[in-house]
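Participant: Mind looking over this structure? Questions follow.
The values are calculated or read from the model by the stated rules, or taken from the named source; none is laboratory data. Note that this is a predicted model, so its numbers are computed, not measured. For neighbour counting, all protein chains shown are included, and Cβ atoms are generated from backbone atoms with ideal geometry for every residue, glycine included.
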């Protein structure tokens, strides 16, 4: 039983639940209201693409922990699983198993000729996660951007799985549903991308001791804490301004509940991080701010529920 608990920790099961929830809400609360004629086959294909991404994400978390043993022993010694509770050979086995399963499951629902962009993206995601663990995360800014892109892609992949490559290259620009679907996909992807950049920078400041010891070139190590705080602050201002403008845009539609929800559960936590950032100096401070960013991200994902009733 203990081994299973450690295995769940290895694959970061709360993060996988978060990814699955985002994809389910995007499919059920945005796609289905826009395309009410969708059938069982559409739902089955969604289930398979969601399962594909869960397999690939789990493989990414596993290989990241495999290569992060030394750093984790400094930053979070009580959370180390690889080598301490699960044999390193088994860790590599599970990484390969989940990666292969991710590729295999997607081939069941998506013919290669019509959906080769999906299969290519799966392979690219696996390789990016591998190289992130081995190289990118130690390089200045590269690792943060890669993780932000992959986080955004966890939503975008649902969108792109709905269309063949031919439909993507030659979209029907007069179709209102297609336009709204693309617009909401871009909105949520931008939200996920920016907040992931913020959270990764906060985690870099939280883990600066171990990262510095093993030669990582993260933002706070290269720039220092103060410039990194400015970097985070700029992104927080950008995303907060973006959210505020969107709320002003929907005022004429009378979406008061969604406006209130966004103000309280998304904008407020981000403003809290922005204010507290200046007086944060130690790892515990940055860990707390990272939690608030995660709350804002979670609230942002749950906001898709409003579109089920408003679209």
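Participant: Of the residues that sit in segment 270-287 and are free of Cβ contacts under 8 Å to residues at least 12 places away in the same chain and assigned to a helix (DSSP H, G or I), which one is surrounded by the fewest Cβ atoms within 10 Å (Cβ to Cβ)?
Facilitator: 279
Participant: Further question: Of the conditions (1) modelled with pLDDT of 95 or more; (2) surrounded by 15 or more Cβ atoms within 10 Å (Cβ to Cβ), residue 48 satisfies every one except a single condition; which number is it?
Facilitator: Residue 48 satisfies all of (1) modelled with pLDDT of 95 or more; (2) surrounded by 15 or more Cβ atoms within 10 Å (Cβ to Cβ) except (1).
Participant: So which helices (runs of 4 or more DSSP H) stay within segment 125-210 end to end and still have 3 or more residues that are in contact (Cβ under 8 Å) with a residue 40 or more places away in the chain, buried (at least 20 other Cβ atoms within 10 Å of the Cβ) and touching a helix residue (DSSP H, G or I) at 6+ places or on another chain (Cβ under 8 Å)?
Facilitator: Those helices (runs of 4 or more DSSP H) span 142-160, 176-206.
Participant: Using the structure shown, decide if residue 7 is assigned to a helix (DSSP H, G or I) and buried (at least 19 other Cβ atoms within 10 Å of the Cβ).
Facilitator: No.
Participant: Output the number of residues of segment 211-224 satisfying the condition of being more than 16 Å from residue 73 (Cβ to Cβ) and in contact (Cβ under 8 Å) with a residue 60 or more places away in the chain.
Facilitator: Adding up the residues that qualify gives 4.
Participant: Now, a different point. Run down 75, 15, 64 and say which single residue is within 26 Å of residue 207 (Cβ to Cβ), under 23 Å from the mean Cα position of the chain (by Cα) and surrounded by fewer than 18 Cβ atoms within 10 Å (Cβ to Cβ).
Facilitator: 15
Participant: Taking residue 62 as the residue in question, decide whether it is in contact with a helix residue (DSSP H, G or I) (Cβ under 6 Å, 6 or more places away or on another chain) and without any contact (Cβ under 8 Å) to a residue 60 or more places away in the chain.
Facilitator: It is true that residue 62 is in contact with a helix residue (DSSP H, G or I) (Cβ under 6 Å, 6 or more places away or on another chain) and without any contact (Cβ under 8 Å) to a residue 60 or more places away in the chain.
Participant: Any idea which of 17, 82 is modelled with pLDDT of 95 or more and within 23 Å of residue 126 (Cα to Cα)?
Facilitator: 17
Participant: Restricting attention to segment 234-265, report how many residues are outside any helix (DSSP H, G or I) and surrounded by 14 or more Cβ atoms within 10 Å (Cβ to Cβ).
Facilitator: Of the residues in segment 234-265, 1 are outside any helix (DSSP H, G or I) and surrounded by 14 or more Cβ atoms within 10 Å (Cβ to Cβ).
Participant: Scan segment 85-116 residue by residue and report those that are under 25 Å from residue 165 (Cβ atoms) and crowded, with 17+ Cβ neighbours inside 10 Å.
Facilitator: Selection gives 99, 101, 102, 105, 106, 109, 110, 115.
Participant: Within segment 75-113, count every residue that is within 28 Å of residue 43 (Cα to Cα) and touching a strand residue (DSSP E or B) at 6+ places or on another chain (Cβ under 7 Å).
Facilitator: Going through segment 75-113 one residue at a time, the tally reaches 0.
Participant: Scan segment 88-114 residue by residue and report those that are in contact with a helix residue (DSSP H, G or I) (Cβ under 9 Å, 6 or more places away or on another chain), free of Cβ contacts under 8 Å to residues at least 24 places away in the same chain and outside any helix (DSSP H, G or I).
Facilitator: 112, 113
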